[in-house]
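All of the numbers you see were taken from the coordinates with simple rules; none came from a lab. Note that this is a predicted model, so its numbers are computed, not measured. Here Cβ is always computed from backbone atoms with ideal geometry, including for glycine, and neighbour counts include all displayed protein chains.
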Amino acid sequence: LVAGQWTAIPTLSGNPVRSLSADGHQALAVCFPGWVRWFDASFAEIGALYDLQGVSMNTRKADIGPGNEVFIATGDLGLIAPVGSSQFSRIEPNGPTTTNNVRLDAAGGAVYVATGGVEGNYTNKFLKDGVHHLQNGEWRTTDRSNNALMATGANTFGGAVNDILDVVVDPDDPDHAFAASWDDGLLEFRDRDLVAIYNP
């Protein structure tokens, strides 16, 4: 709404919008699925963020402050906040990257969590959330964003490792664990990283 008239912002037309945020000082942040752009009062672009250091974002909401600082809430990378004038960084709590869980196992001070699932008719959900693990007070997740084997999987149909349904930690070595995947077979973890997929 400009001077009492509704107007389209030409560069934004046709794109789905997840959220709008105005700072009260003539700046606007627009959150789209996967990216965020922010504008001044005349709708000239002030800035944009399409990924975080090459990693795509599951953007949920963006908020803009009086100094045109943009904070972005994501469904997968935590909070993305400005660092300096044109850099952004992740702010995330020490915890799993998602709430998905179906099984867990613990041994020797290590906890591993399987994140997959199946539909009501026992077919794939195609969840690609990997395996969460806790050791020495630190949570990490091994998934397709940080492990090449997770990104490709052993079965080309799923496009990545899908639906991890069970985990077991080696009782003699907490740095060694196995996980069972719906369509990729048996996964072996060493030092909290996927090192092998066993799929005949």
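Points to keep in mind about this one:
- Exclusive hit being touching a residue at least 12 places away in the same chain (Cβ under 8 Å) and either closer than 30 Å to VAL131 by Cβ or of a type outside the set (Gly, Ala, Ser) (or both), set GLY54, GLY75, GLY47, GLY65: GLY75
- Every listed requirement among (1) under 14 Å from the mean Cα position of the chain (by Cα); (2) within 28 Å of TRP182 (Cα to Cα); (3) part of a strand (DSSP E or B) is met by ALA151 save one, (3).
- Qualifying positions in region 128-159 - crowded, with 18+ Cβ neighbours inside 10 Å and either touching a Phe, Trp or Tyr at 6+ places or on another chain (Cβ under 9 Å) or without any contact (Cβ under 8 Å) to a residue 24 or more places away in the chain (or both): VAL131, HIS132, HIS133, LEU134, THR142, ARG144, ALA154, GLY158
- Region 31-60, residues that are among the charged types (D, E, K, R) and out of contact with any Ser or Thr (no Cβ under 7 Å at 6 or more places or on another chain): ARG37, ASP40, GLU45, ASP51
- Candidate set: region 160-200, residues that are part of a strand (DSSP E or B) and of a type outside the set (A, V, I, L, M, F, W, C); chosen: the one surrounded by the fewest Cβ atoms within 10 Å (Cβ to Cβ): TYR198
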